[in-house]
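Asker: Questions regarding the structure given below will be posed in turn.
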Amino acid sequence: MAQNGTAGNHGLEGDADLQFLLVGGELVKIRSNSWKKNRFFKLQEDCKTFWHESQKVFKRNQTFSIDDIDSVRKGRQSEGLNKHTDPRVEEQCFSIIFKGRKKNLDLMAPSGGEAKQWVNGIEKIITNMSNLSRQQKSEHWIINCMRKADKNEDNQMTLKELKHFLRQINVEVDDTYAEEIFKNCDKSNSGALEGSEIKHFYDLLTHREEIDVIYEKYAETEGQMSTTDLLNFLLNEQREQVSRDYAEHLIEKYEVDGKAKQKKRLTIDGFLMYLHQEEGSILNPAHKHVYQDMNQPLNHYYISSSHNTYLMEDQLKGPSSTEAYIKALMKSCRCVELDCWDGANGEPVIYHGYTLTSKVVFRDVIKAIKDYAFRTSEYPVILSLENHCSVDQQKLMAHHLISILGDALVTKPLGDTMPTNFPSPEDLKGKFLIKGKRLNKLDAAFNNNNTLEEDTVSEEDEAADCKENGQKAKSKKSKIKLAKPLSDIVIYCKSVHFNGFEHAKDNQAFYEMSSFKESKAFNLADTSGTAYIHHNMDKLSRIYPAGSRTDSSNYNPVPMWNVGCQIVALNFQTPSKEMHLNQGRFLPNGVSGYILKPEFLRSLSSQFDPNTLTKGPWLQRKTFHIMVISAQQLPKINKDKHKSIVDPLVRVEIYGVPADNASKETHYIDNNGFNPMWNERFEFNIQVPELAMVRFVVEDYDSTSQNDLIGHYCLPLTSVQSGYRHVPLLTKRGDVICSAGLFVHLMLIDAP
């Protein structure tokens, strides 16, 4: 192809680590103690695809893309390397962690220096790719597809190769149209496109008619946008309260033409560039960082929480793994669950009791949690213990928690006096809290009162409930002896049985919290919404999925957030609409895993009930206007079917209080995933905007079976920017689809 492979790697030309990867080298691929094989790996010329040899009969050569990589870990940081290699080769080891369910690649280089070069090189390319604008990413994507379509690698494209290319980028073009574009571009009449002709062809393909219309409306200065024109657009169309200086700053930042920039003008290319950046995104850029008050008591926040964190798949036979904890923590999950049982050799283990799920050593999990807890968020992590261990192994659990977590573990209340309220996420930065049973009141930590209430405590209903499908489920009130060292490190999250809101109000201290099975919690939310909200104003509540969900499916978290429940635990390992909602809920505020609840869920005078909506500060009636304009570069769903092209439709869903729940969808468009255009308008009436979430779903229409998900994006209504906006799209597992997106127009106005 005429385009150079490093198109997407501006700034890395000549980089020693990059050159090292392009040359490639032998690495040992490690799968088990006995499966360790030499494989040659190298980065291909496109600087985006890795090639490696394989011994599989049908797959002599295998490739994976930089886009598939989640992270690279230096050293023996994966479960596999930890288990199957000697500590002495620490320096030579590294792991490539993939997005989704693809297995880690555990590798060993011939020397520490080479391992370092592999890791540095891969990290540089990942960083470089993520710094590309969406504009550059889509160009990168198109150039890659062109390279694949150029079958005989002669840097020219025949009509046949052109059709193959169009299919690659998900555009079905009838023969006459394909010939038309081809003739139009083949200025040299050579029967093939090359160099600038390919560029012309690319420009014709990427032309955005809908952007032209908007640009022409505002570009009133010799066919270009002056600072004044851009300011008009920002004030009137984007509804942004900004100054002339800000408009100048955008031109300086995004204009690509030097002459236009000198004149303080924005060309159509600069305008498109702006629309593709964070300023043109649907998510308010101010919300991408921590912007909320983090000094309120802990229970005033929604806390991103995981259930059965140790599972990679389902609850009956799936593998348990430290990797599952790392994945959840790296998604800013701030409350993880540890289901602890007596293990062989006196070492406690974590697994799903009474099932065939594999076991993972408690100590290894705590080490992994310590290493990864604060990489994406510095706010506190709650370790929710479900304890089935004997006293001796409980003592060992306490020992591991104290010795491994060290100063980061909260082992006594903050301050010198008995607290009456929770500390804030800010106070607890970088700290771990243990949630579990405690033998006495918290004031014992101050007055040396070691009177134990009882040295056996009733194990929470949860354990029995979760195992209700297990063969050996014990009676619900099974007694368990509790070791004092483990009891003593439960400070702010003491588990107690729930006996009704009145009883809790009169008898429960703020640090005593209950866990509710989803059916119980939904019932309470429906029948006693306001009481539940008041309960959550000074206590924590944890909700967990029913034990009957053996496939690790999820319940809808929204009704639980509506009544102020903080720890709404979901199966993070299960990609689902419910997890998409969770990802959307915790997208703002710097993806910190903490979101401040609305004022009416924190204020003692509030009489809010999501089901009845009486008058109050929560009622702020709005009309939400959405125009779904177009989509760009939607991925092919059925990659194996050579000729399959998507028939996309877009659905807009609102989740919030029952009165606000709604869903509307566009018609579908035949055979165009590259640049489908809908121009359909929708209107939603919103009663309680502070609890509303917006979800965009793009599906491949199928008249004979269920539509396939192409991509989705979810965010709180309060984080939506008005005007013309690009909406990124995520895969089912929640990873960004690099070059795909929706283009929409949004307006939130006060209802009459």
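The values are calculated or read from the model by the stated rules, or taken from the named source; none is laboratory data. These numbers were taken from a predicted model, which means no experiment stands behind them. Here the Cβ positions follow ideal geometry from the backbone for every residue, glycine too, while neighbour counts run over all protein chains shown. To get the accessible areas, we keep the full protein, side chains included, count just its heavy atoms, and leave off ligands, DNA and RNA. Shrake-Rupley method; radii C 1.70, N 1.55, O 1.52, S 1.80 Å.
Asker: Would you kindly calculate the translational diffusion coefficient of the stretch 209-280, applying Stokes-Einstein with the Kirkwood radius from alpha carbon pairs, for 20 °C and a viscosity of 1.002 mPa s, and quote it in µm² s⁻¹ without decimals?
Answerer: On the way: Rh = 11.8 Å.
Result for D is 182 µm²/s.
Asker: Next up: P(r) tail for the stretch 204-344, what percent of Cα pairs lie past 22 Å? Mind showing how you got there, number by number?
Answerer: Numbers: 5795 of 9870 pairs.
Here the tail beyond 22 Å accounts for 59 percent of pairs.
Asker: To continue, here is another question. Can you tell me the mean projection area, over all orientations, of the convex hull of the chain's alpha carbons? Units nm², please.
Answerer: 36.5
Asker: OK, next. Can you give the charge dipole size of the stretch 217-343 about its Cα centre, rounded to the nearest 20 debye, using +1 on the beta carbon of Lys and Arg and -1 on the beta carbon of Asp and Glu?
Answerer: 300
Asker: Run the accessible area of the stretch 16-131 with a 1.4 Å probe and give the carbon-and-sulfur part as a rounded percent.
Answerer: C and S fraction of accessible area: 48 percent.
Asker: Extension gain ASN295-GLU278, at 0.36 nm per residue separation less the Cα-Cα distance, in nm?
Answerer: Length gained between ASN295 and GLU278: 3.3 nm.
Asker: Compare the Cα positions of SER226, TRP118, GLY343 along the charge dipole of the chain (+1 at Cβ of Lys, Arg; -1 at Cβ of Asp, Glu; about the Cα centre) and return the one farthest towards the positive end.
Answerer: With unit charges placed on the Cβ atoms, the residue in question is GLY343.
Asker: Further question on the same structure: Rounded to the nearest 0.05, what FRET efficiency do VAL213 and ILE402 give with R0 = 60 Å and r taken as the Cβ-Cβ distance? Could you check? Could you put the intermediate results ahead of the total?
Answerer: Numbers: r = 65 Å, r/R0 = 1.08.
Computed FRET efficiency for VAL213 and ILE402 comes out at 0.40.
Asker: Same structure again: Over the chain, with the other protein chains present, what is the accessible area per residue in square angstrom, probe 1.4 angstrom? Show your work: numbers first, answer last.
Answerer: Details: 31940 Å² over 752 residues.
Normalised by residue count, the accessible surface of the chain is 42 Å².
Asker: Right, next: Using only Cα atoms, what is the ratio of the radius of gyration of the stretch 542-644 to 2.2 N^0.38 Å?
Answerer: 1.46
Asker: Based on the Cβ-Cβ distance from ASP551 to LYS37, what FRET efficiency comes out when R0 is 35 Å, to the nearest 0.05?
Answerer: The formula returns an efficiency of 0.50 here.
Asker: Between GLU153 and SER663, what is the label-to-label distance in nm when each label sits 7 Å out along the Cα-to-Cβ direction?
Answerer: 4.8
Asker: Percent of Cα-Cα pairs more than 25 Å apart in the stretch 622-750, please.
Answerer: The proportion of pairs with Cα distances above 25 Å equals 24 percent.
Asker: What are the ³J(HN,Hα) couplings of the stretch 422-436, residue after residue, when phi is run through the Karplus curve with 6.51, -1.76, 1.60 and θ = phi - 60°? Round to Hz, x for glycine and proline.
Answerer: These are the phi-based 3J(HN,Hα) values: 6, x, 9, x, 5, 4, 9, 3, x, 10, 10, 10, 9, 9, x Hz.
Asker: Past the 27 Å Cα-Cα mark, which pairs from LYS99/LYS395; LYS102/LYS517; LYS36/LYS103; LYS151/LYS199; LYS116/LYS431; LYS116/LYS327?
Answerer: Over 27 Å apart, Cα to Cα: LYS99/LYS395; LYS102/LYS517; LYS116/LYS431.
Asker: Using just the C-alpha positions of the stretch 16-131 as equal point scatterers, what log10 of I(q)/I(0) does the Debye formula give at each q in 0.09, 0.10, 0.18 1/Å?
Answerer: -0.21, -0.27, -0.92
Asker: So the label point goes 7 Å from the Cα of ASN679 along Cα→C-beta, right? Which residues of the stretch 604-629 then have their backbone N under 16 Å from it?
Answerer: Residues 627-629 fall inside that zone.
Asker: Identify the chymotrypsin sites (Phe, Trp or Tyr not before Pro) of the stretch 227-324 meeting these criteria: DSSP loop state and at most 16 other C-beta atoms within 10 Å of the C-beta.
Answerer: TYR291
Asker: Are there chymotrypsin sites (Phe, Trp or Tyr not before Pro) in the stretch 653-740 that DSSP puts in a loop and that have at most 13 other Cβ atoms within 10 Å, and which ones?
Answerer: Values: sites: TYR655, TYR668, PHE674, TRP678, PHE682, PHE684, PHE696, TYR701, TYR713, TYR724; in loops: TYR668, PHE674, TYR701.
Passing sites in the stretch 653-740 do not exist.
Asker: Give the cross-link partners of LYS367 among the aspartates and glutamates, using a straight C-alpha distance below 12 Å as the criterion and excluding same-chain residues fewer than 8 apart.
Answerer: LYS367 reaches GLU79, GLU323.
Asker: Then there is this: Extending each Cα 7 Å along its Cβ direction at ILE126 and GLU237, get the distance between those two points in nm, one decimal.
Answerer: In this crude label model, ILE126 to GLU237 measures out at 3.7 nm.
Asker: Ok, one more. I need the fraction of alpha carbon pairs in the stretch 638-690 separated by more than 18 Å, rounded to a whole percent. Working shown, then result.
Answerer: Details: 683 of 1378 pairs.
Cα-Cα pairs of the stretch 638-690 separated by over 18 Å account for 50 percent.
Asker: Filter the GluC sites (Glu not before Pro) in the stretch 24-91 down to the DSSP loop ones having no more than 16 other Cβ atoms within 10 Å, then list what survives.
Answerer: Details: sites: GLU26, GLU45, GLU53, GLU79, GLU90, GLU91; in loops: GLU45.
For GluC sites (Glu not before Pro) across the stretch 24-91 that sit outside H, G, I, E and B with at most 16 neighbouring Cβ atoms in 10 Å, the list reads GLU45.
Asker: Something else now. By how many nm would the segment from GLU180 to GLU599 grow when fully extended, if each residue of separation counts as 0.36 nm and the alpha-carbon distance is taken off?
Answerer: 144.8 nm
Asker: Additional query: Dipole of the chain, Cα-centred, from +1 at each Lys and Arg C-beta and -1 at each Asp and Glu C-beta, to the nearest 20 debye?
Answerer: Result for the chain is approximately 2140 debye, rounded to the nearest 20.
Asker: Using helices alone, I'd like the mean residue ellipticity at 222 nm for the chain: each DSSP H run of four-plus residues gives -39500 (n - 2.57), total over residue count, nearest 500.
Answerer: -8000 deg cm²/dmol
Asker: Please report how far the C-alpha centroid of the stretch 376-421 lies from that of the stretch 64-123, rounded to the nearest whole angstrom.
Answerer: Between the Cα centres of the stretch 376-421 and the stretch 64-123 lies a distance of 31 Å.
Asker: Would you kindly compute the Cα radius of gyration of the stretch 263-399 and its largest Cα-Cα separation (Dmax), both in Å?
Answerer: Reported Rg and Dmax, both Å: 21.3, 77.
Asker: Considering only the other residues whose Cβ falls under 14 Å of the Cβ of ASP70, what net charge follows from Lys and Arg at +1 and Asp and Glu at -1?
Answerer: Net charge in that neighbourhood comes out at +4.
Asker: Could you name the aspartates and glutamates in cross-link range of LYS412, using Cα to Cα under 12 Å and dropping any fewer than eight places away on the same chain?
Answerer: In chain and number order, the partners are ASP443, ASP488.
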